[in-house]
Amino acid sequence: MTKKISVGIDVGTHQVKVAVAELMKEKNKNIPRIIGRGISESKGLRNGYIVNQPDVTKSLEKAINQAERSSGVKIKKAYISISGVSLEGVISDGSAIVSKGDFEITDLDVQKAINASENNVQLLNKKIIHTIPIQYKIDDKKVLGRPIGIKGKKLEVKTLFITYLKQHLDDLIQAIEETGVEVEDIIAAPIASSLVTLSKSQKIAGCVLANLGSETVSIIVFENNIPISLEVFPIGSTNITNDIALGLKIPLEEAEKIKIGVVNNSSYPKKKLDEIILARLADIFELIESHLKKIGRNGLLPAGIVLTGGGSGITTIEDLAKAFLKLPSKIASINFINNTSSKIKDSTWSVAYGLCVFGLTSDEDSRGFKIFKNIKQRIMGWLKQFSV
């Protein structure tokens, strides 16, 4: 029997991470398991943008080679994440008059309504990566679940479109293809991360997943098991490192160790250090709170905020998030099995592992957003990704 292998490549501003996973059969269940990893320092990137493509390709090659050696698998295809400040979630409304004579809503009617909502989105220099229907109405009444098969005269849809700058998308694809790896699909990093850090119950109740990267903070809000909002802020954990270095007049390397609690040097005034970290984290949580207010969810997400990414390793960040946002708060743990059959606690790998899960658990009819092979989007199939 042919092994089912999936590869995820997370091209971050700080590091390139490559994960190789295999679908294993355990107790009559299909279990994704990590069989190899590769990591390298990111070069040629700034705020998620490629500023030097040859440097990015070299970073990719190093991480890919490591992953190939550790897994014993030659990497030919991979799922790729996109992140950075040009990643954006846009909500738009659209409607369609039901076409059948008996007024029964069909797939065609749903697609027409979604197309109408897409026509209202400004796409100058941007590419739609994901199309996610988040609410339906039939004759002005909200409908829970699928509208197909229900009768009515007018179908309305509220759709979340996740977009990305086309130029940067093209640059990333080219950099990866320069390594000899074919891009199977592109997935927004917050969505990939959510596949291994959030449970179905959290997504149904309502929660926000916040990834504190080195130069950006991305958030994705879930409710009723689907994403309802996505936002990226141009601030990250590197800003905290810089603040500590300037405030304490110390080298950046030492400031980074102090930030994540590796070094606890009593010669530095603890009160001043706490004030420096608190001030920058306050800026980050204020941006998150402002966005939650904008979409009417501040203080109203029962599953709270789940923190992931390199910045989530900052001491006391969990308590600070709870105090600032007035929400339950926790550090993400990854629901993924590695090659030693133990849970993985390092959430900085959540995007790469999520890409692997997507590749292993998706079939051709449920991917829903293949953007390189000109396959028509299957909206209901896309929603299956959030039923795991």
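Within the straight-line cut-off of under 19 Å between alpha carbons, the aspartates and glutamates reachable from K326 are E223, D283, E286, E289, E318, sequence neighbours fewer than 8 places apart in one chain being disregarded. Listed cross-link partners K272/K322; K166/K200; K29/K142; K270/K322; K29/K203; K200/K330 are compared with a 27 Å cut-off, the Cα-Cα value being larger for K166/K200; K29/K142.
Counting only DSSP H runs of at least 4 residues, each contributing -39500 (n - 2.57), and dividing by the residue count of the chain, the helix-based mean residue ellipticity at 222 nm comes to -10500 deg cm²/dmol. Computed over neighbours whose Cβ is under 9 Å from that of P147, the net charge equals +1, Lys and Arg +1, Asp and Glu -1.
Screening the chain for whole DSSP H helices of 24 Å or more along their axis (Cα) with average Kyte-Doolittle hydropathy at least -1.0 returns 270-294. Footprinting exposure proxy ranking of V121, V221, V51, fewest other C-beta atoms within 10 angstrom first, gives V51, V121, V221. With contacts taken as Cα pairs under 8 Å at a separation of at least 6 residues, the chain carries a relative contact order of 18 percent. Neighbour counting of Cβ atoms within 10 Å sorts the residues R33, R280, R46, fewest neighbours leading, into R46, R33, R280.
Of all DSSP beta bridges in the chain, what percent run antiparallel (nearest 5)?
Restricted to the chain, the bridges split so that about 80 percent are antiparallel.
Normalising the average separation of contacting C-alpha pairs (under 8 angstrom, six or more residues apart) by the number of residues puts the relative contact order of region 200-331 at 29 percent. When +1 charges are put on Lys and Arg Cβ atoms and -1 charges on Asp and Glu Cβ atoms, the dipole computed for the chain relative to its Cα centre reaches about 940 debye.
Read-outs throughout are calculated quantities, based only on the coordinates presented, and are distinct from any laboratory measurement. Every value quoted in this text rests on a predicted model; they were computed, and no experiment measured them. Every residue, glycine as well, gets a Cβ built from its backbone with ideal geometry; the counts of neighbours run over all protein chains shown.
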